[in-house]
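The values are calculated or read from the model by the stated rules, or taken from the named source; none is laboratory data. On a predicted model such as this, the values are computed, not experimentally measured, just so you know. Methodologically, a virtual Cβ is constructed for each residue, glycine included, from the backbone with ideal geometry; neighbour enumeration extends over all protein chains shown. Areas reflect the complete protein model, heavy atoms only, side chains present, ligands, DNA and RNA absent. Shrake-Rupley method; radii C 1.70, N 1.55, O 1.52, S 1.80 Å.
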Amino acid sequence: MTPAIEVARTAEQTPPQQSPSGPTASVGPGGENEAAQKEAIRERAAGAASGDPASPQPYDPADEDFQDPIVTKGDVTVYRPTATDSGLIVPVTVRNRGKETAFYDVALEVTGPGGFDAALRIRIRGAGLDPNATWPTELTATDPGKPVPAKPAITVVKIDKRAYGTE
C-alpha cells in the first residue's frame, strides 16, 4: 500500500469534526455549504473590480503617447514612437472589435536608416481580450549598434486572433 493511498483512506474514514459552534457543514450538493458557496460567489462578484481589462500599464486616453496614430490594421493601432538613446518606445493598442473574447499574437517590424531593424511582439493570453476591450502597451524597439531612427517605418506584419476556447 502506498503512502498516498493510506492518506486518502485515512481522510475518508475520519468523521466530521465538531467545532465549538456545532457540527461542520455538509460538503455535498444541496447542503449548507452550497448555500455558503453561492453567497461567497455573490459577495466576490459585488466586491470585484469594475471589469476594466487588465493592462500592462495604466491606460490614460489623455496620454499624449496614444494621441497620434500612424498605422492602423485590423484590431491594432500603432502610435507615434518616441526616440531614446537606446531605442524607440512604440505605443500600441489592441482593441477587440469582434463579438467573442479572443487571444492575440501581433508582430510588428520597425526599420530605419542605417540598417535599424527590430521585431516587436504582443501576446495576449490569460483570459483573453473581451469584445470592445482595449489592451494598451508600450514596446521598446532596439537594434544594438545601429542608430535610432528619428522617423522609423513601422509595419504590422501579423495579427493572429483566435476566439477564446480554441487555444
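Under 25 Å of direct C-alpha separation, and excluding same-chain neighbours fewer than eight residues apart, K99 reaches these lysines: K73, K158, K161. Residues in the stretch 93-103 carry Karplus couplings, in order, of 10, 10, 10, 6, 8, x, 9, 10, 4, 9, 9 Hz; the curve used is 6.51 cos²θ - 1.76 cosθ + 1.60 with θ = phi - 60°, and Gly or Pro positions show x.
The packing ranking of peptides 110-117, 129-136, highest mean first, is 129-136, 110-117, where packing means the average number of other beta carbon atoms within 10 angstrom of each residue.
Loop-located GluC sites (Glu not before Pro) in the stretch 75-150 (DSSP state other than H, G, I, E, B) with a sparse environment of at most 16 neighbouring Cβ atoms within 10 Å: E100.
What is the stretch 76-167 by shape, rounded, prolate or oblate, if you read a ≥ b ≥ c off the alpha carbon gyration tensor as root eigenvalues and call it rounded for a/c under 1.5, prolate for a/b larger than b/c, and oblate otherwise? Prolate shape, in that a/c is at least 1.5 and a/b is the bigger ratio.
Each peptide in 143-149, 88-94 was scored by the mean count of other Cβ atoms within 10 Å over its residues; highest first, the order is 88-94, 143-149. The stretch 125-146 and the stretch 77-110 have their alpha-carbon centroids 5 Å apart.
The H on the amide N of L139, modeled in the peptide plane, is under 5 Å from the matching H of V90, V92, each at least 5 residues off or on a different chain.
Note on A127 and R97: the model spin-label points, each 7 Å out from Cα along the C-beta direction, lie 2.5 nm apart. The phi-based Karplus calculation (6.51 cos²θ - 1.76 cosθ + 1.60; θ = phi - 60°) puts the 3J(HN,Hα) values of the stretch 115-132 at x, 4, 8, 9, 10, 10, 9, 10, 10, 10, 10, x, 8, x, 10, 5, x, 6 Hz, whole numbers, x for Gly and Pro. Projected onto planes of every orientation and averaged, the convex hull of the alpha-carbon atoms in the stretch 88-139 covers 3.8 nm².
What accessible area per residue comes out for the stretch 94-167, rounded to a whole number of Å², with a 1.4 Å probe?
Numbers: 4000 Å² over 74 residues.
On a per-residue basis, the stretch 94-167 sits at 54 Å².
Label zone of V157 (point 7 Å out along Cα→Cβ, amide N under 12 Å): in the stretch 94-136 this covers 106-111, 117-122. Backbone amide hydrogens, once placed in the peptide plane, bring G98 within less than 5 Å of N132, excluding anything fewer than 5 places away on its chain. The phi-based Karplus calculation (6.51 cos²θ - 1.76 cosθ + 1.60; θ = phi - 60°) puts the 3J(HN,Hα) values of the stretch 134-147 at 10, 10, x, 7, 10, 9, 10, 9, 10, 8, x, x, 10, x Hz, whole numbers, x for Gly and Pro.
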